[in-house]
Structures are given as C-alpha cells and as structure tokens.
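The values are calculated or read from the model by the stated rules, or taken from the named source; none is laboratory data. Just so it is clear, the model here is predicted, and its values are computed rather than measured. Here the Cβ positions follow ideal geometry from the backbone for every residue, glycine too, while neighbour counts run over all protein chains shown. Heads up: the accessible areas ignore ligands, DNA and RNA and are worked out on the full protein's heavy atoms, side chains in. Shrake-Rupley method; radii C 1.70, N 1.55, O 1.52, S 1.80 Å.
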Amino acid sequence: MSMNSFGHLFRVTTWGESHGPALGATVDGCPPNVPLDPAILQHWLDRRRPGQNKHTTQRNEPDAVKILSGVFEGKSTGTPIQLMIENTDQRSKDYGDIAQTFRPGHADITYFQKYGNRDYRGGGRSSARETAARVAAGGVARAAIQALVPGMQITGYMTQMGEMEIDRTRFDWDAIGQNDFWIPDAAAVQDWENYLLGLRKAHDSVGAVVEVVARGVPAGIGAPVYSKLDTDLAAAMMSINAVKAVEIGEGMNAARLKGSQNADEIFMGNDGQPVYSSNHAGGILGGISTGQDVVVRFAVKPTSSILTPRQSIRKDGSAAEVITKGRHDPCVGIRAVPVAEAMMACVILDHLLLHRGQIGTNQGTIGA
C-alpha cells in the first residue's frame, strides 16, 4: 500500500530521501503535447532552492532537474513523466549525534514507532527536502494549465512570520517576487529581516502563515461530495512538511462573522456573467469553483531544528539533551511559498481534467 502519491487523473508520486543519492517524482496523467523541457521546470525549482539568501538553510543544492521519460521533442507524450533531482551537498555527519536520539518536534520518534527504523540523516523521507520533487511536478502542472486555461495565475506569499504581519492596505502583487520573504509590501521587508536576524542570533526559529491565490480559475471545477476542490486543496497543503492548519477563504475567521456578513452577494455583470460583492468563500461554494480567486492559507510551525538545548529521550529510553546541528531554515515558511504554489497547481490541473472528463463544458447557463 503506497502513501506517496496524490491526485486523481493528474497523479504525482514522489520518491527519495534528504541525504540519498537523488529524489524526484513520477507524474502520470499529464495531457500530451504540452510544451515541456528542463528549463521550464527549473524556473520554479530555482525559487525553492536552498542557499539563495541568508534567511534560509545554507545547504547548497543546485536542484537541477532531469526529465527521464514522458517528453519528446519538447512536448509531453501523454505517458508517465519521470523527474530526477540529484542531491549533491549532503552533510550526513552533522546528524551522527542524533542516530540514537529523537529530536523534539520532528518525526523521528513516530517513524521509529511505526516502522522500527528511521533515516536519521536529515529526517530522510520526512525532510522538507522532499518538497523539491513536488515543485518539479508543479512545474509540469503549470505548463499543462497554461495550455488548457491560458492566463491563469498562481501566486503565493507570506502574510505572517511570528509577530510580523502584512498590512493588507499596502498589498502590492509586484513586490512579492522582489524580496527574500515573498511579502507583498516592499516597505516592510527591512523590519521582517531585522526580526528574523534577532531570532537567528538567539538560536531560535519562528512559524509563518502562507497564502496562495489562483486567479483566473474557471467556474465549475470541483465535485461534491468527496472530491470537493477545497477538500483536495486542504489535503494537499496539509501534506506539506510543518503545516499544522489550513484555511479556505475566510477560514477560521468565519466563526466571528454573521451570516449577513459572510455570504457573498451575487449580481449580474455587464458581460452577462455573475459577479460577487466579496470573496469570503475563497472562490469555492459546495466544493465547486465560482470563478473568483481561489484563496488558500496555511500555518507553518517553527523549525524544530534549533541550537537551543531541548530535552528528549534515546531509543533505549534514557534521557537526552538535544542540540540540532546542521543547516536549517530559521523560518520554513519562506521556502514553503513555492511549494504551496506547486500543490495548488497540481490540484487545480487534476480538477480541470476531472471536469473535462465528466462534464466537458459547463451545462448551466445563467440569464438564458
């Protein structure tokens, strides 16, 4: 029984470990004749790649992706696409001290309890390094989306890092890709940098909130009851390492609202299409997209690998004090942004294909 795959028609299986020779993904269900080559995928991997700035892990991996199958003469063939990313900068010796010790906040103890063994070198399969394979698969999904729904855009950004929160009145889409934190406010970057630098000097880490928005999603994708678009999006985001909570649209804040505030009023637009007064629903009603922006948000816990001593136990049950050596992200939320975009792309493409297979084009016409 495999638990390393996700998706229905567009199906992704990731493989490999943090300190193994390579990791990657097998992508099945990509439509044929989608323009695809390593450079297209590398663009997205470079956004997640470690060691690019002082705010992320200094592990220096090129994350160069190789396409081993499923692409011929620059186009997908419709057969499984095998993607491989070699690990080149492993420092497994950094983890020798924890071979017999469970790191607090990590999956060390649960992996051992379940399987009777664990790869202590960076966490093995439970490492955030696995997400490089997701981003590669997400690049395939983005290419297919552009072929099916030209103009759709998927953009992720951080909205919170510990005590730092964005001011939505200063939201600037163009600023997101111009700073190390993926925040939509250029004026706030220095404050965020100073805050994270203070945490690093204190040998500590911090959590974050990441938001990802898909603009240009057509109405009608998703299906009741067990394959809702928001159900699959929530599962996809929750599967990302260190994610502890997921929201769609207004999310948990909806509990504070009255029905008169939360329901998005509907009007007919000048183009004969429905328009909404607001988007508390996050672009999804009854599990089906409305045509508005699809908005997903998730919380990432603080990095558990810190130099501050923490109490734990060894395999033999004896007490231990743990200081986690190695190269780690002080805030994993930073590099979670490209991963969130990749997961959004994979789920939306999957539902576009499901919709095309069952419905073809939407059957209901408003105003006819």
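At a 1.4 Å probe, what is the % contribution of carbon and sulfur to the accessible area of the stretch 221-368?
Working: 3910 of 7400 Å².
With neighbouring chains kept in place, the figure for the stretch 221-368 is 53 percent.
Any chance you could look up the accessible area of V296 with a 1.4 Å probe, heavy atoms only, rounded to 10 Å²?
Approximately 0 Å² for this residue.
Which of the DSSP-defined H helices in the chain satisfy a minimum axial length of 24 Å, computed from C-alpha atoms, and a minimum mean Kyte-Doolittle hydropathy of 0.5?
Length and hydropathy pass: 131-148, 333-358.
Find out how many positive minus negative residues lie around A281, taking Lys and Arg as positive, Asp and Glu as negative, among other residues whose Cβ is under 11 Å from that of A281.
Residues close to A281 contribute a combined charge of -4.
Can you give the net charge of the other residues whose Cβ lies under 11 Å from the Cβ of N253, counting K and R as +1 and D and E as -1? Kindly include the intermediate steps, with their values, before the conclusion.
On the way: positive: R256, R297; negative: E247, E250.
Net charge around N253: 0.
How would you rank 72-83, 338-349, 150-161, highest first, on the average number of other Cβ atoms within 10 Å across their residues?
Details: 72-83: 16.2, 338-349: 28.7, 150-161: 18.7.
In decreasing order of mean packing, 72-83, 338-349, 150-161 become 338-349, 150-161, 72-83.
Taking a quarter of the surface of the convex hull around the Cα atoms of the chain, what do you get in nm²?
20.3 nm²
From the C-alpha gyration tensor of the stretch 89-192, pull out the three semi-axes of the equivalent ellipsoid (sqrt of 5λ each), sorted largest to smallest, in whole Å.
So the equivalent ellipsoid measures 35, 22, 12 Å along its semi-axes.
Mind checking the per residue accessible area of the chain for me, 1.4 Å probe, whole number of Å²?
It amounts to 48 Å² per residue over the chain.
Within 12 Å, Cβ to Cβ, of R314, how many net charges do the neighbouring residues add up to if Lys/Arg are +1 and Asp/Glu are -1?
-2
Rounded to whole Å and ordered largest first, report the semi-axes of the equivalent ellipsoid of the stretch 186-322 derived from its Cα gyration tensor (root of 5λ).
40, 20, 13
So how far, in whole Å, is the C-alpha centre of the stretch 183-217 from the one of the stretch 92-157?
Cα centres, the stretch 183-217 to the stretch 92-157: 21 Å.
Please sort 214-222, 39-47 by packing, taking for each peptide the average over its residues of neighbouring beta carbons within 10 angstrom, highest first.
Ranking, from highest mean packing down: 214-222, 39-47.
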